[in-house]
1. For region A:462-475, check the following and say yes or no: at least one residue is within 32 Å of the chain's Cα centre (by Cα) and crowded, with 22+ Cβ neighbours inside 10 Å.
2. If only one of A:323, A:301 is buried (at least 24 other Cβ atoms within 10 Å of the Cβ), away from chain B (no Cβ under 12 Å), within 24 Å of residue A:242 (Cα to Cα) and touching a residue at least 40 places away in the same chain (Cβ under 8 Å), which one is it?
3. Here are some conditions: (1) without any contact (Cβ under 8 Å) to a residue 40 or more places away in the chain; (2) in a loop (DSSP other than H, G, I, E, B); (3) buried (at least 19 other Cβ atoms within 10 Å of the Cβ). Residue A:666 meets all but one. Which one does it not meet?
4. Tally the residues that are in contact with a helix residue (DSSP H, G or I) (Cβ under 6 Å, 6 or more places away or on another chain), on the phi < 0 side of the Ramachandran plot and part of a loop (DSSP other than H, G, I, E, B), restricting the search to region B:158-178.
5. Name every residue in region A:962-977 that is under 37 Å from the mean Cα position of the chain (by Cα) and outside any strand (DSSP E or B), in order of residue number.
6. Do you know which of the residues in region A:221-230 that are in a strand (DSSP E or B) and at the interface with chain B (Cβ under 9 Å from one of its Cβ atoms) is surrounded by the fewest Cβ atoms within 10 Å (Cβ to Cβ)?
7. Can we say residue A:335 is touching a helix residue (DSSP H, G or I) at 6+ places or on another chain (Cβ under 9 Å), at the interface with chain B (Cβ under 9 Å from one of its Cβ atoms), surrounded by fewer than 23 Cβ atoms within 10 Å (Cβ to Cβ) and under 25 Å from residue A:536 (Cβ atoms)?
8. Among (1) surrounded by fewer than 22 Cβ atoms within 10 Å (Cβ to Cβ); (2) within 14 Å of another protein chain (Cβ to nearest Cβ); (3) on the phi > 0 side of the Ramachandran plot, which single condition is residue A:438 missing?
């Protein structure tokens, strides 16, 4: 064994809050690295403010610090913990950048901390584009010809030299932040200015649009042994960021020569750079020769490496961590077979398809075109034994209303050719429409540059659908055709829609009819195992998927009713991400601990729950009713848990119940009573519990009448949205009419729910666990922002710091009533509005909520463990501890990714827009606020602050904060109204003109462009957003110029209050277990 | 979607796998073996080591990038490993009727039809592979719906080496290069390319040719199909050559024949090694290599005489992957340093040989 025995204690840097380009994959890779260290008996210290992650749970690291992953905080932790080694490769770009800074500033050397794995020198060689090109030039490896520029003038000169189109890349930024294509000098100048705000340097290079994009995941040990674990090919050609692309593994259009040519180059590259551990090499590859360019090398675990791990069953992060300790690949075993060597390259006997998930509909003004910068918020991975099967599964997994490549609601596309050439998040719909309109594969290829191979496969699906459409009854369909459709990944729904067409009135019944017909014909899916060696050696793990391309199951089912199936959360999206993975993993652990066989269904490659050693059996497959029933019929489980994976599994309750599936915990009927607006409302009325007035309305007249009754503002929720956000607050008649006319449909088929909107109310969360209607544990937490900011975007304090005891008592009582009425067994969450001591219920979910990991970790009572034991039928004791005993407070703050969403208005509203969150602890609220906001990218300003605060109410709310800034010597810039108000109240402020006053100086945008301010507080006048307002321009400029922005008066006050009273040095560095 | 005939694979133990035909429609039989490589079907199909075998590809998609055009000569093909297909049939889960690659001259189906080789798809190749893994390689036959059923055929009962070896001597490379006698036991053309590329004069001779009367600087014994026991003549010739002390090198069958010449014995593996991902370790070092392999027989390490030692060992099952003489320049590899198809990490093997000349 070649382990470095001097390493006894290791520090691992996490990636912080989930953001676009840096998401759950780093929870997975960090958790794997921690597991590898633990196996070696090494003490682990973890810094990661992301409290909802699995890696920050008990049992993963020995010490956990919920602190920002920034050089200052990490240095202080190093000073306190004195680790022997540090792991930089497992926390994304955040950890890598932080590590490079610690190396450069000499901190690592000063404290004698050894960087495990790839040396920092090699990291720098791959991160700095010029060094990178130089390095690869040394071994005659072709890179994309590019030159660095640090100002606009030199950028323009370079582009003139190269010729347009060019691509701009920002150095040291992941996910293509600040990157893009430019067709002319004007576009280039605009983009470069933006990019330079994030990065000291940009690279201008010739565009290779239309080339293939291929990636290799490479591993090297310190003995120079190399393997490529996986290669992947993008469905979308170069020009679309790999995070935005559909990706297949292994590559499909490369010949043996192509494959091994690029593989050999990848190995040559990582040997020359000196990687120890894992890295990926991205290529542009000419579709009509063997010409290539290396796009980039990531000297760390990445989104691709997480995907490769899941696609192959090869635990890259785990192995990379071991290699960092000095092991050779030959020392390690293949963890799937447990008998063969870890030095091998997986052989796949299936095809994997990754599809990105966007949530662009949540944002106002965002550019929907996809390109060289990443905008997707999550991804799914689908496994099949034909490409068509994997692809159609994947489209359903995305969860945006697609049933597959055919059978979807018709989307009207005016200009198909134009839409093919300028792809958006809807491009798959466009491809389908283009094919159905009769366009040939060649034509589509010319416009999209998608390799014909993929298009041929998609055409197979269209052809099968057309054949199905020639029938009009299920019985008449040729069984061979039905089988082929299923082998091409058609769902029962797609079959039903193709055959029954307009006759299909009831979807549920139609699905069941197809299912029954299939069974009659013996057309059933089989279960296959992912075993890394294509069946050459037996696998010891149960990493499974279902396919119609096979005749034999790999699993021998015992049908002993000892399985408990936990349904996972699906793709990460805005509103549902790592927190539900934490819930799922914890439920699995409890299921296993209590002696049941733990079974997981999930398809998100960025998660820990889809790690095959997180459970006894992992079905990496769809969470549709059809697929879940397939698995239930195979497993014949004791029961199914659907309350820990968020809304996707919760939505299956009624349908599973109708098939007599044993749903563990709260009954399907109760779930329906809480989910159905009318039933729930009637129940609250019966129980005498107050709620905001609302009505479901089908005409504009009715809406006006209702508004006349409750008054503005109102919250409007259409059931059918044409464009933009699904929910809106309207403050006056004009806004209401405009929203309903432009954005939504109102009709008998598409009613609109209108709710009175209570202003200046507090919003309160009740997270709890009940047993047969009796609350066993609960956590009440309080939003810092007033109601109107979505609970997923709000900053939450737990325990509540400014709530009346009376309010708390009422919330407890009302919650107990609801729990009893719905006979809840398991986790649930109720949201309340509170004004004075009046409380109103706004929502109730009979499942774990987003805040479960946060409250569980702050309170140190694992709500999911408790809930799971109850759902398994155990009698549990009420925990003795309550939130009143805590000597500290937790603050959960939200992470926004507006910088990646070009054009989006970075303002908070009733629809959620944050992509992640952190949770930090402090003995004082201000300390916890400061830690958490610094963790989500806020920075303490050094120079000036720009204030512009909408209404008088907001101005008042900001006054104390402004006074504190003034007293601390900050230069305050303010727009006209705000400045007048501040001066009247004795606060000095410099006047800046609004963007609309283009000729007046100083102008707000100038102040931003000159970086005279390093904090912008811009409070919109009301909750409706108007893209062309001055406020939008200021907010967007702040984001594009990377200047911290706050748009909520209460949160801004809390932050300003915190940093003006506390210096960062006075923040106490304490591990979780020390609170 | 193409209308295709149903076709069935029947194994000698009676197990049946139902699918469809996409290649030449004719019955076929042979030894059923699986390969876990994910690319390289044109190379595999033309690899003479597959003579008499029905190839099952575990990667479910087949035919994606079509087939490159014929090029070069029958003695040295440009894109293939020999002049024609040696497999008796090929079986996959799914066939790509439409291929896409700039180099492709035709589809796999077209090529199979030209060469009169059946192809099957729609078969649960994973189930089939597991069966072969558990029960060992076995004979099988392909029945095309409506056509007559063939007899089982056991290629291992035949001298496949003689069948696939060249019949005449061919020379390649610069005339003034070091002279290497290359014994063709059913050679893959990339071995010729790898040697010629290194500036040596290659004299390719038939398997049973007595090359000891030739003037040469080194001897190279190629890969080849089937049971090494059939190559007694070759073993005798190698034994004679060993007395000269000139460098001797071998690949795959060459490893087995060199071992036999040294006095060791070989045996048949349960289901062989056929893949691109076989890990081997160089004896006594920390150097490991991913190798391409295709063999059903192996050298029994324990029978190596005292002046020989293992050179490489398979890291998965511990079987022999190469041998060397402790003092003389004789060495060989069970894997394929010439790759094609597969990883090229061990091409240095040719350098080591050429440097000895």
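1. Residues of region A:462-475 within 32 Å of the chain's Cα centre (by Cα): A:462.
Subsequent filtering for residues that are crowded, with 22+ Cβ neighbours inside 10 Å retains none.
Within region A:462-475 (the criterion being within 32 Å of the chain's Cα centre (by Cα) and crowded, with 22+ Cβ neighbours inside 10 Å), the answer is no, since none of the residues qualifies.
2. Working: A:323 fails: within 24 Å of residue A:242 (Cα to Cα).
Sole residue among the options that is buried (at least 24 other Cβ atoms within 10 Å of the Cβ), away from chain B (no Cβ under 12 Å), within 24 Å of residue A:242 (Cα to Cα) and touching a residue at least 40 places away in the same chain (Cβ under 8 Å): A:301.
3. Exception for residue A:666: condition (1).
4. Initial filter on region B:158-178 (in contact with a helix residue (DSSP H, G or I) (Cβ under 6 Å, 6 or more places away or on another chain)): B:159, B:161, B:164, B:172-173.
After this cut, where a residue has to be on the phi < 0 side of the Ramachandran plot as well, the list is B:159, B:161, B:164, B:172.
Subsequent filtering for residues that are part of a loop (DSSP other than H, G, I, E, B) retains B:159.
So the count comes out to 1.
5. Within region A:962-977, A:962, A:964, A:965, A:970, A:975 qualify.
6. The initial filter retains those residues of region A:221-230 that are in a strand (DSSP E or B), namely A:226-230.
Pick out the ones that are also at the interface with chain B (Cβ under 9 Å from one of its Cβ atoms) and you get A:226-228.
Working: A:226: 23, A:227: 27, A:228: 25.
The residue in question is A:226.
7. So residue A:335 fails the test.
8. Exception for residue A:438: condition (2).
The values are calculated or read from the model by the stated rules, or taken from the named source; none is laboratory data. Everything quoted here is computed from the prediction, not taken from an experiment. Cβ coordinates were reconstructed from backbone atoms using ideal geometry, including for glycine residues, and neighbour counts include every protein chain displayed.
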